[in-house]
Amino acid sequence: MKKKILLGLSGSVACSKAELFVIHNSDKFEFKFLSTHNGLNYLSEEFINSNNIYSDWSELSGSPHIELARWADEIIIYPASANLISKISSGIADDLLTSTILMFSKPIYICPAMHEEMYMNSQIQSNVLNLSKNHYIVGPRYGNLDIGDKGLGRLIEPDELLGVLNKQKGKIIVTSGPTYEEIDDVKVVTNKSSGKQGRALAIELSARGYEIIYIHSASIDHIPGLDNVSFHSSNDLKNKILENINNTDAIFMTAAVSDFTVKKSSGKISRSNGNITLEFIPNEDIIATIKSSYPEIKCIAFSAQVDDELNFNKINTKNVDYLVINNILKNKFGSDTNKVSIIDQQHLLFESEELDKNEISRDILNALEYWNVCWCRVNFE
């Protein structure tokens, strides 16, 4: 028996992807359609004429919001505009679509589509975060937007949505941001990592349908819709990884882990003490330890270097599967661009151009796909 999907449509030029999703998957699912009034303006005449798409109470008899909510196995909002996201978050039910959503007793799939400036607006981020507590937020991804722009806000592709619905792909941990090693109860030793590359990788992997555990520095913003876990010190980071490692298929160790911890003093060291000497203690190599304990997990380490050396000694010492290398003298911490090389234990696999970190994330995953990396229940598609 086909799964019954109620597809919700809202005002976005990305409605064309919804049409493709229906055309390519009509043999797999039974569809019914609800649209906002504005959503109808972005659907092709052919699609409207070929399907019963309802947007108004007067088009149906009885109590359609009750009947449709009880008919559907899943509700998918594809695409979800900023306006519709805000309405759902606030519990507003001023049309047939939003009323049906309130009637539905299970989590729904919400696929945002809008310009980056709209998506990153603090109110929209708050609404998405609120919805992510009870619903599935799928995307958006980085890519081409309306009027020739690029940014984070592109609707996920129809095949990516299908992968999410089929739940075929695996669980990946992505770490991001700097560690903080305590000198005393007030001061810390840290580094300049912005966490941007790890954040971009987590967003791209999520858009491709993977279950993401985003373990990020406490100073880094969470990603709405993902399972967010924060850390402070390197030991804290290790513990948070281990707490979430069950059924993990791969780890992207993008976090900038301090090479040293500090012998901590209690209280607060005062300047009145004069010159002080700090004792730095070599830190544990977290990803090497995890790979040794969990050899079945694919481990992708990241190496911030001050040169372009293909550090085969480092990858073999860590015994990880892949090492992503970048030169921080050329692409400094905090920049929006990056240039990377990927090696395995014997070969250079990929060299990128200098690109936006979101595009670098896409290139990293595409390169690993090209080399037939299969760390999950299915390969990248």
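Out of curiosity, is I101 within 30 Å of the chain's Cα centre (by Cα) and in a helix (DSSP H, G or I)?
Answer is yes for this residue.
For region 11-28, name all the residues that are among the small types (G, A, S) and either within 23 Å of the chain's Cα centre (by Cα) or part of a helix (DSSP H, G or I) (or both).
Of everything in region 11-28, those that are among the small types (G, A, S) and either within 23 Å of the chain's Cα centre (by Cα) or part of a helix (DSSP H, G or I) (or both) turn out to be S12, A14, S16, A18.
Of all residues in region 215-233, which are surrounded by fewer than 21 Cβ atoms within 10 Å (Cβ to Cβ), aliphatic (A, V, I, L, M) and within 18 Å of V257 (Cα to Cα)?
Matches in region 215-233: A218, V229.
Do the conditions hold for E181, that is, is it touching a strand residue (DSSP E or B) at 6+ places or on another chain (Cβ under 6 Å) and not hydroxyl-bearing (S, T, Y)?
Criteria met by E181.
For residues that are in contact with a helix residue (DSSP H, G or I) (Cβ under 9 Å, 6 or more places away or on another chain) and of a type in the set (S, T, N, Q), scanning just region 312-330, find the one that is surrounded by the most Cβ atoms within 10 Å (Cβ to Cβ).
Here the residue is N326.
When you scan region 263-283, how many residues do you find that are touching a residue at least 24 places away in the same chain (Cβ under 8 Å) and either polar (S, T, N, Q) or in contact with a helix residue (DSSP H, G or I) (Cβ under 7 Å, 6 or more places away or on another chain) (or both)?
Total meeting the criteria: 3.
Does region 163-178 include one or more residues that are at pLDDT below 90 and more than 17 Å from the chain's Cα centre (by Cα)?
Yes, because at least one residue in region 163-178 is at pLDDT below 90 and more than 17 Å from the chain's Cα centre (by Cα).
Starting from region 70-89, keep only residues that are in the same structural domain as P158 (by TED's automatic domain parsing), then list their pairs with residues that are assigned to a helix (DSSP H, G or I) and of a type outside the set (A, V, I, L, M, F, W, C) whose Cβ atoms are within a distance under 6 Å, requiring at least 6 positions of separation or different chains.
Taking only residues 6 or more apart or on different chains, the pairs are I85/N127; S86/N127; K87/T98; S89/N127; S89/N130.
Within region 140-167, how many residues are surrounded by fewer than 22 Cβ atoms within 10 Å (Cβ to Cβ), hydrophobic (A, V, I, L, M, F, W, C) and under 20 Å from L7 (Cβ atoms)?
Counting residues in region 140-167 that are surrounded by fewer than 22 Cβ atoms within 10 Å (Cβ to Cβ), hydrophobic (A, V, I, L, M, F, W, C) and under 20 Å from L7 (Cβ atoms) gives 2.
Can you tell me which condition I137 does not meet? The list is (1) of a type in the set (A, V, I, L, M); (2) under 18 Å from K32 (Cβ atoms); (3) buried (at least 20 other Cβ atoms within 10 Å of the Cβ), and all the others hold.
That leaves (2) as the condition not met.
Check region 282-291 and report whether any residue there is assigned by TED's automatic domain parsing to the domain that holds A202 and part of a strand (DSSP E or B).
yes
Taking region 31-89, which residues are in a helix (DSSP H, G or I), within 23 Å of P140 (Cβ to Cβ) and out of contact with any Cys (no Cβ under 8 Å at 6 or more places or on another chain)?
L40, N41, F47, A82, N83, L84, I85, S86, K87, I88, S89
Against the definition (at pLDDT 90 or above, within 21 Å of D221 (Cβ to Cβ) and charged (D, E, K, R)), how does R199 come out, yes or no?
Considered against the rule, which asks whether it is at pLDDT 90 or above, within 21 Å of D221 (Cβ to Cβ) and charged (D, E, K, R), R199 comes out as yes.
The values are calculated or read from the model by the stated rules, or taken from the named source; none is laboratory data. Small disclaimer: the values here were computed from a predicted structure and weren't measured. With ideal geometry, Cβ positions are generated from the backbone for all residues, glycine too; neighbour counts draw on all protein chains shown.
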